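> One structure is given below, represented as structure tokens, and several questions about it will come after.
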Number of protein chains: 4
Amino acid sequence: MKNDQTTKPCSAILLISCPDRKGLVAAITEFISSNNGNIIHLDQHVDFQQNVFFSRFEWDVEGFRISRENIAAAFSPLAEAYNMQWELSFSDYVPRMAVFVSTQTHCLYDVLSRYRSGEWNAEIPFIISNHEEAQSIAYKFNINYHVFPINPSNRQQQEAKQLNMLRDANIDLIVLCRYMQILSEDFVKEFTNRIINIHHSFLPAFPGAKPYHSAYSRGVKIIGATSHYVTTELDAGPIIEQDIIRVSHKNSIQDFIRKGKDLEKIVLARAIWYHLSNKILVYNNKTVIFE
Amino acid sequence: MKNDQTTKPCSAILLISCPDRKGLVAAITEFISSNNGNIIHLDQHVDFQQNVFFSRFEWDVEGFRISRENIAAAFSPLAEAYNMQWELSFSDYVPRMAVFVSTQTHCLYDVLSRYRSGEWNAEIPFIISNHEEAQSIAYKFNINYHVFPINPSNRQQQEAKQLNMLRDANIDLIVLCRYMQILSEDFVKEFTNRIINIHHSFLPAFPGAKPYHSAYSRGVKIIGATSHYVTTELDAGPIIEQDIIRVSHKNSIQDFIRKGKDLEKIVLARAIWYHLSNKILVYNNKTVIFE
Amino acid sequence: MKNDQTTKPCSAILLISCPDRKGLVAAITEFISSNNGNIIHLDQHVDFQQNVFFSRFEWDVEGFRISRENIAAAFSPLAEAYNMQWELSFSDYVPRMAVFVSTQTHCLYDVLSRYRSGEWNAEIPFIISNHEEAQSIAYKFNINYHVFPINPSNRQQQEAKQLNMLRDANIDLIVLCRYMQILSEDFVKEFTNRIINIHHSFLPAFPGAKPYHSAYSRGVKIIGATSHYVTTELDAGPIIEQDIIRVSHKNSIQDFIRKGKDLEKIVLARAIWYHLSNKILVYNNKTVIFE
Amino acid sequence: MKNDQTTKPCSAILLISCPDRKGLVAAITEFISSNNGNIIHLDQHVDFQQNVFFSRFEWDVEGFRISRENIAAAFSPLAEAYNMQWELSFSDYVPRMAVFVSTQTHCLYDVLSRYRSGEWNAEIPFIISNHEEAQSIAYKFNINYHVFPINPSNRQQQEAKQLNMLRDANIDLIVLCRYMQILSEDFVKEFTNRIINIHHSFLPAFPGAKPYHSAYSRGVKIIGATSHYVTTELDAGPIIEQDIIRVSHKNSIQDFIRKGKDLEKIVLARAIWYHLSNKILVYNNKTVIFE
């Protein structure tokens, strides 16, 4: 068994964004409280520039007077009244996560180690790659590994096959562990805000290829890594997490890469954790993270 | 004029802690919303270990149906019903802050520079010191400076005089800018959670005197600074903020001190800012900081 | 093959500490240069408090006029003249590293992943544990795993067996990946400055058991991890590396542990890397790290 | 008296860069040692990509057999033989530093506070500004303040006057404390690697105007500041120091600015300290910082 999920009480989680109005929090908390829901976490944020209200409510399902199948329907009238965009999830649902990798394997090792340690509430049915390099790692961790070699002429067909596989497996989240192919617009749109990428620079500095080399020649004193949702514009999607480490003139490009790998692992892992914990709202190409 | 406070709309701020119960947030937001209050910020936190609810509500005074003199009275029944500890403040009140200093002046310079730049919503009527060293700095910044030389035999009388001066000036907050005297129990109790100290180590490591020297001989790779409320136990009060910087074998004790000074300035300034913004709740010798 | 070591040119590395005297650097560089050695890295440091000179010289073996077997003998007279403590190593030697683990496996996963990725110049012949938990991980990574259950009555015998195994395998470095047993004085002395431990706090804060719990109840705003050489005094050995991460009132003990695990992995891995790269000198219970 | 410089022993400092060759360190240390010089600090670095050798030698002038006036001449033949670019300075020389400011005063306050506290080995004869705002601060700190209002039509003349004033005062270093004018090419060239600017972003991200606003709309999770030498290309000069701080969705642009100000102060102050301590070498639009 992957983790102790089954012994934890199940909670319902509502992620909401809508135009800010008086009485919003009162109305939502009233909906939960009057149905005997015990709020465990309430996070809210108002963007005063955009006049948008964001919130995350988490409450015990046990004892709640509305059965879990009926919560969405019961909440709908309120959601409509306030013009909400909202998403309801339950903490005992196990999201299904596909991992994409190319030839760099440090992030893959880290993701699979966390997975096998039970750090995450997720199921990884398979790994997809455009290379065979990581096959043996998948084997170590006992996970299916599918190779889709990609070149300019077969890209479209291969993506189509990948999409079929993702749909068949009911994949909720795609994690790009240093997957070095640019996904097509259609692919990205089918998984809006459900593809997490790790970029090995402190975005928006050094987008695109070879960021460590660019950082080295610019002579920066700090390097970084950025995890973000993939959009159709390269390395320009909503940023989920960033972190940095100091470098100096003593560091070669190889040192930049070595230090950066550790950043990449952590920055990607944090993004996955936030996503799996239903703690991220996307708005205006930015993220609200309810830590 | 020190800042643009007068042109900002005034808001009311409620800091609340109480035993956690269902319906708490709903009840408080209902109190505000039903009186036509527009909530600007709502932060809440539940400590599940202690079953304690903490929150900070901030709402526009303008348009609120209860006049500001009557808010406290109107809120009292609710507060009693839920057994709340609470504090009401208004953003247009200018807290009165006394600064204590000994011979190290970097924090004093920083505090006075921020004050004169209008960074803080505060009034500093005077500086108190046990030495004359910083007199000329007070003069530069046009602030009264009172010297109370302290030795074991006169400590009690000098503290009594200081207390009178603080009471006469209606001081809300005392900031110890590297003030190297231990305050008596009575003094501390009169200003519970209203004396902020900066300690030049990463507490609980290296409490007491000469922390940089201790850090140097222990061979740590990171040094820190800690701002905290003063309690009767030395360097053991509720921590407000901490920060760190890397050191290496190349750094002498003088380097530790030089690097540490910058930390001290920033860590103290952040604590003052949180306090002046009514963003701190103290519970169980710990702080809840509503950032 | 584990890495590309064989294709890299081999270099000789001298780690030296001795009383500081005029002409030291000149004498050593002269020894290397006059024998046609090309210095790749020269790091030196003087502790003026202790008047001790530390340095690390790395030069190409290729073209050096003294054959590698004879370098030590050729250097000895100089070393004696300056009263040096010194150590000579070659970059093509592959250190042999034993890993100890108990039931927490995140550091083990990380160490083995780095090992299998070829990040380190090392050979791991086996893992030793006092529990069976990590057996399946060792199996995934195809490394021998030996269980030595330990209780007060069998401790001495089990340690004796472990020592035999370590000697038989010519182990150079022992890495304690959250190994929750205190090693005896004799054990530690046999591997002076060759046992690296990871402690899950920012030492000297919170030594001993349950540091995350202590950090949580103290209400710190930052937690840390510390890698150090093991000495006979618990958690008091020479610190190799430390790092930290912010926490807040919103974080539970479980969050502290989750965030801390990532720190532990990185802080341990950096220490191992420094050690394997012959970049650490120990003096006076402190480390000089030639980054 | 500004600091305890006069009581410290004077040291000579050589900053050297040249093509890397065998025997370089030996030759230079020999020059110092054979003349009875006691090396206090020796830092060296080789850029293997460019095959360039960088070093900083610091030794006691007392007891050195060559008098300080003659050191340069005595060193010249060696410098020529190795094709060195080099600079000789003495620790008892007090560099003359001009400060430029516009309307933002936080960096100015910080620089002047450090100056008056004796943190730096420098003399500040005057402040130059294109506005009157900071006049009263200069007055507080008892430093001359010269206003040069600048508009497109008078820029050239005003710069000419500024240059005259800088030459007359033998200015060694110009510090731009958020000076919001772009200096002309001629101006910059006269003070190559002697003008330090603070830019309020993590360069190369967000060069140019309003970086905090750009960072806010991009939704970054970390903001930064960068100090660099000014070159003729805007915000593209050699980076001296960078630092960062976390931000979140809860932070407004005003919070970005407030947090960023503290970064700017520290990042600028560190750069000034490195420069005044003769610890910076510039090569290929990058800096080598001998910390």
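> If the reach is capped at under 20 angstrom between alpha carbons, list the aspartates and glutamates near residue D:189, excluding any in the same chain fewer than eight residues apart.
D:87, D:159, D:168, D:172, D:233, D:235
> In deg cm²/dmol and to the nearest 500, what is the mean residue ellipticity at 222 nm of chain C if only DSSP H runs of at least 4 residues count, each as -39500 (n - 2.57), divided by the residue total? Show your work: numbers first, answer last.
Numbers: 8 runs with 94 residues, N = 291.
Taking each H run of at least 4 residues, the total per residue is -10000 deg cm²/dmol.
> Just to be sure I understand: of the beta bridges DSSP finds with both ends in region D:97-289, what percent are antiparallel, rounded to 5? All intermediate terms of the calculation are to be shown ahead of the outcome.
Working: 15 of 30 bridges.
Approximately 50 percent, going by the DSSP bridge assignments.
> If you average the sequence gap of Cα pairs under 8 Å that are 6 or more apart and divide by the length of chain D, what percent do you get for the contact order?
RCO, chain D: 15 percent.
> Then there's this: Buried accessible area between B and C (1.4 Å probe, both chains summed, ligands and nucleic acids excluded), in Å² to the nearest 100? Present the calculation step by step, with values, prior to reporting the outcome.
Values: alone 14750 and 14780 Å², together 26610 Å².
Roughly 2900 Å².
> Okay, moving on. From the backbone phi of region B:184-189, what are the Karplus-calculated ³J(HN,Hα) couplings (6.51 cos²θ - 1.76 cosθ + 1.60, θ = phi - 60°) in whole Hz, Gly and Pro given as x?
6, 4, 5, 4, 4, 5
> Which value, in Å², gives the accessible area per residue of region B:97-289 when a 1.4 Å probe is used on the protein heavy atoms?
36 Å²
> Run the 1.4 Å probe and let me know the accessible area of residue C:93, rounded to the nearest 10 Å².
120 Å²
> Enter the mean number of other protein chain beta carbons within 10 Å of the beta carbon of each residue in D:217-228, as an integer.
Taking the mean over all residues of the peptide, I get 6.
> With a cut-off of at most 15 other beta carbons within 10 Å, and DSSP calling the residue loop, which trypsin sites (Lys or Arg not before Pro) in region D:40-72 qualify? Please list them.
D:65
> Quick one: which residues, 5+ away or cross-chain, put their amide H under 5 Å from the amide H of residue D:100? H built at 1.01 Å from N.
Answer set, sorted by chain and number: D:128, D:175, D:176, D:177.
> Using a 1.4 Å probe on the heavy atoms of the protein chains only, list every residue of region A:38-69 that has 40 Å² or more less accessible area in the complete assembly than in its chain alone.
Buried on complex formation: A:38, A:40, A:42, A:44, A:45, A:48, A:49.
> Rg (Å, one decimal) plus Dmax (Å, integer) for the alpha carbons of region A:11-90?
Cα-based Rg and Dmax for region A:11-90 come out at 12.0, 39 Å.
> Could you list which residues have their amide H under 5 Å from that of residue B:61, counting only those 5 or more apart in sequence or on another chain, with H placed in the peptide plane?
B:10, B:11, B:12
> Let's test this: bin the Cα-Cα distances of the protein assembly as shown at 10 Å from zero up to the farthest pair and state each bin's percent.
2, 9, 16, 21, 22, 17, 10, 3, 1, 0
> Okay, moving on. Can you give the accessible area of residue D:262, probe radius 1.4 Å, in Å² rounded to 10?
Here the accessible area works out near 20 Å².
> Then there is this: Using a 1.4 angstrom probe on heavy atoms only, work out the carbon and sulfur share of the accessible area of the protein assembly as shown in %.
Numbers: 21810 of 46430 Å².
The C+S portion of the solvent-accessible surface of the protein assembly as shown is 47 percent.
> Can you give me the distance in nm between label points at residue C:186 and residue D:153, each placed 7 Å from the Cα along the Cα-to-Cβ direction?
In this crude label model, residue C:186 to residue D:153 measures out at 9.4 nm.
> Taking just the alpha-carbon atoms of region D:193-291, what radius of gyration and Dmax come out, in angstrom?
13.7, 41
> Near the axis that takes chain B to chain C, which B residue has its beta carbon closest, and at how many Å?
For chain B, the closest residue to the axis carrying it onto C is B:205, 2.
> Another question about this same structure. I'd like to know which of C:205, C:180, C:249 lies farthest towards the positive end of the charge dipole of region C:174-269, counting +1 on Cβ of Lys and Arg and -1 on Cβ of Asp and Glu.
Going by the charge dipole, the pick is C:249.
> Quantify how strongly other chains surround peptide B:111-119 by giving the mean number of their Cβ atoms within 10 Å of each of its Cβ atoms.
Partner-chain Cβ atoms within 10 Å, mean over residues of B:111-119: 4.
> Quick one: accessible surface of residue C:180, probe radius 1.4 Å, all protein chains present, in square angstrom to the nearest 10.
110 Å²
> So who's got an amide H within less than 5 Å of the one on residue A:287, skipping anything under 5 residues away but keeping other chains? H placed 1.01 Å off N, in plane.
A:239
> Do any cysteines in the protein assembly as shown lack another Cys Cβ under 4.7 Å, and if so which?
Cysteines of the protein assembly as shown left without a disulfide-compatible partner: A:10, A:18, B:10, B:18, C:10, C:18, D:10, D:18.
> Right, next: Can you list the lysines whose alpha carbon sits under 22 Å from that of residue D:8, skipping same-chain ones fewer than 8 residues off?
B:250, B:259, B:261, C:22, D:279
> If you don't mind, another one. Given a Förster radius of 25 Å and the C-beta distance between residue C:291 and residue D:48 as r, what FRET efficiency does 1/(1 + (r/R0)^6) yield to the nearest 0.05?
That gives a FRET efficiency of 0.95.
> Now a separate question. Go ahead and collect, in residue order, the members of region A:179-197 whose backbone nitrogen is under 15 Å from a label point 7 Å along the Cα-Cβ direction of residue A:232.
Within reach of a label on residue A:232: A:183-193.
> State whether region C:97-289 is rounded, prolate or oblate according to the following rule on the C-alpha gyration tensor (a ≥ b ≥ c being the square roots of its eigenvalues): a/c under 1.5 gives rounded; otherwise a/b larger than b/c gives prolate, and the remaining case gives oblate. Present the calculation step by step, with values, prior to reporting the outcome.
Details: a/c = 1.44, a/b = 1.38, b/c = 1.05.
Taking the square roots of the gyration eigenvalues as a ≥ b ≥ c, region C:97-289 is rounded.
> For region D:249-261, just list the computed ³J(HN,Hα) in residue order, Karplus coefficients 6.51, -1.76 and 1.60, θ = phi - 60°, integers in Hz, with x standing in for Gly and Pro.
Karplus values, whole Hz, x for Gly and Pro: 4, 6, 8, 7, 4, 4, 5, 4, 5, 4, 5, x, 4.
> List, in order, the whole-Hz ³J(HN,Hα) value for each residue of region A:61-71 obtained from phi through the Karplus relation with A = 6.51, B = -1.76, C = 1.60 and θ = phi - 60°; use x for Gly and Pro.
6, 4, x, 5, 6, 9, 5, 4, 5, 9, 4
> Considering only DSSP states other than H, G, I, E and B, which GluC sites (Glu not before Pro) in region C:165-240 qualify as loop sites with at most 11 other Cβ atoms within 10 Å?
Those satisfying the criteria are C:233.
> Using DSSP to call loops (not H, G, I, E or B), can you name the GluC sites (Glu not before Pro) in region D:59-127 whose Cβ has at most 12 other Cβ atoms within 10 angstrom?
On the way: sites: D:62, D:69, D:80, D:87, D:119, D:123; in loops: D:62, D:119.
Listed in order of number, the matching sites are D:62.
> If the viscosity is 1.567 mPa s and the temperature 4 °C, what Stokes-Einstein diffusion coefficient in µm²/s follows for region D:127-169 when Rh is the Kirkwood radius over Cα pairs?
Rounded to a whole number, D works out at 117 µm²/s.
> Report, in degrees rounded to the nearest 10, the 0 to 90 angle that the Cα long axis of helix B:24-33 makes with the longest principal axis of chain B.
70 degrees
> Then there's this: Using a simple spin-label model with points 7 Å from Cα along the Cα→Cβ vector, what separation in nm is obtained for residue B:34 and residue B:62?
So the two model labels end up 2.7 nm from each other.
> Suppose we compare each residue of region C:172-206 in its chain alone and in the full protein complex with a 1.4 Å probe; which ones drop by at least 50 Å² of accessible area?
Those residues are C:202, C:204.
The values are calculated or read from the model by the stated rules, or taken from the named source; none is laboratory data. In this text the structure is predicted, and so the values were computed from the model without any measurement. When we count neighbours, we look across all protein chains shown, and the Cβ atoms used for this are built from the backbone with ideal geometry, even at glycine. Areas reflect the complete protein model, heavy atoms only, side chains present, ligands, DNA and RNA absent. Shrake-Rupley method; radii C 1.70, N 1.55, O 1.52, S 1.80 Å.
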